[in-house]
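Written below as structure tokens is the structure these notes are about.
What follows draws every value from the coordinates through simple rules; no lab data is involved. In this text the structure is predicted, and so the values were computed from the model without any measurement. All Cβ positions, even for glycine, are placed from backbone atoms using ideal geometry, and neighbour counts span all protein chains on display.
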Amino acid sequence: MNQKIDVSFLSGDVVLDLKREDLLHPIISGNKFRKLKYTLAEVVGRSQKCMLTFGGAFSNHIAAVAAAGKLHKIHTIGIIRGEELTHVYKNNPTLRYAGEQGMELVFVSREQYALKDTPAFLTWLDDTYGDFYAVPEGGTNDLAIKGCTEILTPEDAQYDYICVCTGTGGTLAGIVCSLKEHQHAIGFSALKGTFQDEVVSKYTPKTNYTITDDYCFGGYAKVNTELIHFINTFKKEHGVGLDPVYTGKLLYGVFDLIKKDYFKKNSRILAVHTGGMQGVAGMNLSLKKKNLPQINI
Ligand SMILES: *Cc1c(COP(=O)(O)O)cnc(C)c1O
């Protein structure tokens, strides 16, 4: 569903719609739904009993895999960055939820986690956990890109710009794959750097896209009061919740570019709400600790 967002107070020249991928499922939401769809079909098709994946303490991907595993009766194992969480993980809403869905949580040190793609680590996983289907961190594999090519529908050909936040680059890659020639995609990096073009170019020769990290607010999961204020105002004015890691930064960026007349006159812009609202509770706990204002869910 594409929802009209009134931006007439920023510019009378453009139209902005928001693709509500967040409404696909409360936890397996947005792009994580798209990214897991074909992996799940393969796991179920192969009668594989176990899925293993990797993530940080607030990971939307971890929550989505845990929920999907429960739904499809597949055992899930989450290799979690941060040994210090072993005994206190229940204070973290994402990990508590994953545990409640039946995910087996394995906490490893940051040093070990950094080695997670090395042959030695994979051998250790094989020896310890046996037969499993491995899903990479963030869920970006070939099947995930295939799933993300289904985000844009034929009706979306009416838009001139497709704006989406980008982390590993998988979602952006799927969108660029399905882009029409007259369209341009903009990836708003949730972290410092615009390295996601390497992932995109692996999947498509198309070049009608740009990536910016101008709106990463200093890095992954970094927030300030201006961003929190923007998210809360957006919710009040437009009735849609945003998260501070991805979609809040995306909409902040899109609004700023509209204000700066970046888009061609009479452009139709589509921003993709990739979900991720499950992470807000955890972020609010850490904002509270820092005496910063909270995000209204
Ligand atoms: C994971 C995630 C992203 C980033 O997706 P990539 O495919 O890794 O680029 C964007 N938005 C939300 C809400 C996410 O959870």
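At-a-glance table
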| read-out | value |
| --- | --- |
| Restraint check, Lys116/Lys222; Lys192/Lys289; Lys70/Lys289, Cα-Cα greater than 27 Å | Lys70/Lys289 |
| Charge dipole magnitude, Cβ of K and R +1, D and E -1 - the stretch 85-238, Cα centre, debye nearest 20 | 420 |
| Charge dipole magnitude, Cβ of K and R +1, D and E -1 - the chain, Cα centre, debye nearest 20 | 540 |
| The stretch 55-87: trypsin sites (Lys or Arg not before Pro) in DSSP loop, at most 11 other beta carbons within 10 Å | Lys73 |
| Semi-axis lengths, Å, the chain, gyration tensor of Cα atoms, sqrt of 5 times eigenvalues | 32, 23, 17 |
| Whole-Hz couplings from phi, Karplus 6.51/-1.76/1.60, listed for the stretch 186-202; x for Gly and Pro | 10, x, 9, 5, 7, 9, 5, x, 10, 5, 5, 4, 5, 5, 4, 5, 5 |
| For the stretch 165-269: rounded, prolate or oblate by the Cα gyration tensor [a/c cutoff 1.5] | oblate |
| All-pairs alpha carbon distance profile, the stretch 55-182, 5 Å steps from 0, percent | 2, 10, 17, 18, 17, 14, 9, 7, 4, 2, 0 |
| Value of relative contact order over the chain, rounded to a whole percent, pairs C-alpha under 8 Å and six or more apart | 23 |
| Mean separation of Cα contacts under 8 Å (6+ apart) over length of the stretch 137-177, as relative contact order % | 59 |
| Ranking of Asp243, Asp22, Asp6, Asp156 by count of other Cβ atoms within 10 Å, fewest first | Asp6, Asp156, Asp22, Asp243 |
| Environment charge at Leu227 (Cβ cut-off 14 Å; Lys +1, Arg +1, Asp -1, Glu -1) | 0 |
| Which of Leu172, Ile162, Ser201, positive extreme of dipole for the stretch 98-238 (C-beta unit charges) | Ile162 |
| Per DSSP, loop trypsin sites (Lys or Arg not before Pro) in the stretch 239-275 with at most 15 further Cβ within 10 Å | Lys260, Lys264, Lys265 |
| Compactness relative to 2.2 N^0.38 Å, alpha carbon Rg of the stretch 149-196 | 1.12 |
| Helical contribution to [θ] at 222 nm, DSSP H n ≥ 4, -39,500 (n - 2.57), averaged over the chain, rounded to 500 | -11000 deg cm²/dmol |
| Theoretical gain in end-to-end length, Asp131 to Lys236 [0.36 nm per residue, Cα-Cα removed] | 33.0 nm |
| For the stretch 81-156: Kirkwood Rh in Å [reciprocal of mean 1/r, alpha carbons] | 15.1 |
| Sequence-distant lysines (8 or more away, or on other chains) whose Cα lies within less than 16 Å of Lys35 | Lys146 |
| Selection from Ala57, Phe263, His182 lying farthest towards where the dipole of the chain points positive, charges on Cβ | Ala57 |
